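Encoded as structure tokens, the structure appears first; notes follow it.
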Amino acid sequence: MNLWLWIARSVAAAILGLLIFTSFLSFLLVSNFSGKVLDVGTYTAILNEHDAYNRLYDEVLLEPQIRRITSDLIGDIQLVGQPEIVQIVRQIVPPDYLQVEVEKNLAGGIEYLNGERDALELEIDLREPLADVEANVFEHIDRRIDELDIVDIDAAQEPLDQLAEVEELINAIVWDIATGKIPEAIPAIGFIPEPLRANVFDSVLPSILNDPRIDRRVSHGLRANVTTIRSEFIAGDTRRFLKEVAHAGLTPLVDQGIGQVSRYADDQGRLNLIAIAADNSDGVNEETLRRDIDGIRAQFRRVVTIAGDVALIVAIVGTVVMFLIYLPSLINAMRWPGLTLMLTGLVLFVLGKIMENTLPRLINALVEEQIVRVSELPPSAVTLVNDLVQSLTDQLFSGLANPALIILLVGALLFGGSFLVHLLRPVAPWIR
């Protein structure tokens, strides 16, 4: 009878030991990962560590592949190059403003994962930035025009030849601006006698307005403001005239760029990032994407609950059951669960240290390889993403082994306590 009881206890203890080990392993992994995944500070610290917001403007947005995205915001105006576009975008959406919006969405995403929100809302408030687009674009263009040199007309020419030369130059610079270029120099309109300025203007502008090569939006803007443009020309201030041409002709392009961005925004000017993601995905609409996101959250919550909370309960209950099956021997009831917890804690600590030192490197190498293979991101964006992913994996696996020391300590106390109880047997004979 005692042999069968010993065999039964041994088998039960082995099964319980394996159950305790796997349950604690599951709990430590899930609690470590979920605790950091659900902490906004994890992401904000990583973004700040790598100066991500400034690198976005200083490196990523300067890439030629990104020009299409940045230029759309200001209407794809050719008057400004990529570095100038980035400078304008930086004025419209400063890094500090972008950081506030990103951190607000991170906090909302964490609340959604925690079940504190029914729906995930990822939005960027663009009311102020969109209101500042036009002013910033034309401030830059005006500054470029102010920096232009005034061309002197050859005084040795005949008056009619001089007038023809000025007319030709004015036609050229208006054409340049209408087609998205900043001329290298400009003639002085004031050189033209005031009575002749109206005639010169009336001979120059119609030919440009009727040219089919001119963007119809630019042509429409110039026609709508021809009276003001004509007045500035007759007034004789070349720079004011050119600024008026630029404002009138390019405002429709800027407005269209704002409209393209605003089509994803609601009445309050909030940009719906989920709608943008759905619009750029094949065969997926916003409703389907939100349903998929809800499904991912449900799976995440299920894993956290079962592999985290439930696993901890199972590990504790398994330890208690192992304690009970060795009763009425208090010594064995303490020694074997204690030894099990000691070995569990020791193995988990060693395993945790190995995972801390090896898995981040393996995951980072795999992610980097996949990004390079399938991504169309420019090199600077790939570098930034890799830096962020590397820091995130390092953060997720850091401290993985430390909680195992608690299990090891509890096991050591029970195991050591069993020997202390054994020493008390002479004075307490009822102890077994």
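With the structure loaded, tell me whether Leu359 is among the aliphatic types (A, V, I, L, M), at pLDDT 90 or above, surrounded by fewer than 16 Cβ atoms within 10 Å (Cβ to Cβ) and within 30 Å of Ile20 (Cβ to Cβ) or whether it fails that test. Here the answer is no, as Leu359 does not meet what is asked.
All of (1) buried (at least 18 other Cβ atoms within 10 Å of the Cβ); (2) of a type outside the set (Phe, Trp, Tyr); (3) under 30 Å from Trp6 (Cα atoms) hold for Asn364 with one exception: (3).
The residues on offer are Asp39, Asp58, and the sole one that is free of Cβ contacts under 8 Å to residues at least 60 places away in the same chain and surrounded by fewer than 18 Cβ atoms within 10 Å (Cβ to Cβ) is Asp58. Count of the range 280-293 residues, restricted to those that are among the charged types (D, E, K, R) and without any contact (Cβ under 8 Å) to a residue 12 or more places away in the chain, is 4. Residue selection: Ala381 satisfies the criterion of being modelled with pLDDT under 90 and either under 37 Å from the mean Cα position of the chain (by Cα) or surrounded by 15 or more Cβ atoms within 10 Å (Cβ to Cβ) (or both).
Would you check which residues across the range 87-126 are more than 24 Å from Val60 (Cα to Cα) and part of a helix (DSSP H, G or I) and list them?
Those that are more than 24 Å from Val60 (Cα to Cα) and part of a helix (DSSP H, G or I): Ala107, Gly108, Gly109, Ile110, Glu111, Tyr112, Leu113.
Considered as a group, the residues in the range 132-151 that are aliphatic (A, V, I, L, M) and touching a strand residue (DSSP E or B) at 6+ places or on another chain (Cβ under 7 Å) include one that is surrounded by the most Cβ atoms within 10 Å (Cβ to Cβ), and that residue is Val151. Pairing residues of the range 199-210 that are within 14 Å of Ile173 (Cβ to Cβ) with residues that are acidic (Asp, Glu), at Cβ distances under 8 Å and at least 6 apart in sequence or on separate chains, gives Val200/Glu167; Val204/Glu167. In summary, Ile214 fulfils each of the numbered conditions (1) in contact with a Lys or Arg (Cβ under 9 Å, 6 or more places away or on another chain); (2) surrounded by 13 or more Cβ atoms within 10 Å (Cβ to Cβ); (3) free of Cβ contacts under 8 Å to residues at least 60 places away in the same chain with the single exception of condition (1). If we scan the range 200-216, do we find a residue that is basic (Lys, Arg), closer than 25 Å to Val137 by Cβ, part of a helix (DSSP H, G or I) and at pLDDT below 85? There is at least one residue in the range 200-216 that is basic (Lys, Arg), closer than 25 Å to Val137 by Cβ, part of a helix (DSSP H, G or I) and at pLDDT below 85.
One line per residue, one yes/no per condition, for (1) of a type in the set (A, V, I, L, M); (2) touching a helix residue (DSSP H, G or I) at 6+ places or on another chain (Cβ under 6 Å):
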| residue | (1), (2) |
| --- | --- |
| Ile186 | yes, yes |
| Pro193 | no, no |
| Asn210 | no, no |
| Arg217 | no, yes |
| Val226 | yes, no |
| Glu244 | no, yes |
| Ile258 | yes, yes |
| Arg263 | no, no |
| Asp266 | no, no |
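Taking (1) in contact with a Ser or Thr (Cβ under 9 Å, 6 or more places away or on another chain); (2) at pLDDT 80 or above; (3) in a helix (DSSP H, G or I); (4) surrounded by 19 or more Cβ atoms within 10 Å (Cβ to Cβ) in turn, Leu271 satisfies each apart from (3). Screening the candidates Gly236, Gly269 for the property of being touching a Lys or Arg at 6+ places or on another chain (Cβ under 8 Å) and farther than 30 Å from Lys104 by Cα yields one hit, Gly236. Only one of (1) over 30 Å from Ile177 (Cα atoms); (2) surrounded by fewer than 15 Cβ atoms within 10 Å (Cβ to Cβ); (3) without any contact (Cβ under 8 Å) to a residue 24 or more places away in the chain is not met by Pro328, so which one is it? The one condition Pro328 does not meet is (3). The set of residues in the range 188-218 being basic (Lys, Arg) and under 27 Å from Asp146 (Cβ atoms) consists of Arg197, Arg217. Picking from residues in the range 110-121 that are surrounded by fewer than 19 Cβ atoms within 10 Å (Cβ to Cβ) and of a type outside the set (D, E, K, R), the one that is nearest to Thr42 (Cα to Cα) is Ile110. Residues of the range 91-146 that are more than 30 Å from Ala185 (Cβ to Cβ), basic (Lys, Arg) and more than 14 Å from the chain's Cα centre (by Cα): Arg117, Arg127. Note on the range 161-196: among residues that are of a type in the set (D, E, K, R) and in a helix (DSSP H, G or I), the one that is modelled with the highest pLDDT is Glu194.
The values are calculated or read from the model by the stated rules, or taken from the named source; none is laboratory data. Since this is a predicted model, take the numbers as computed values, not measurements. Using ideal geometry, Cβ is built from the backbone for each residue, glycine included, and neighbour counts are taken over all protein chains shown.
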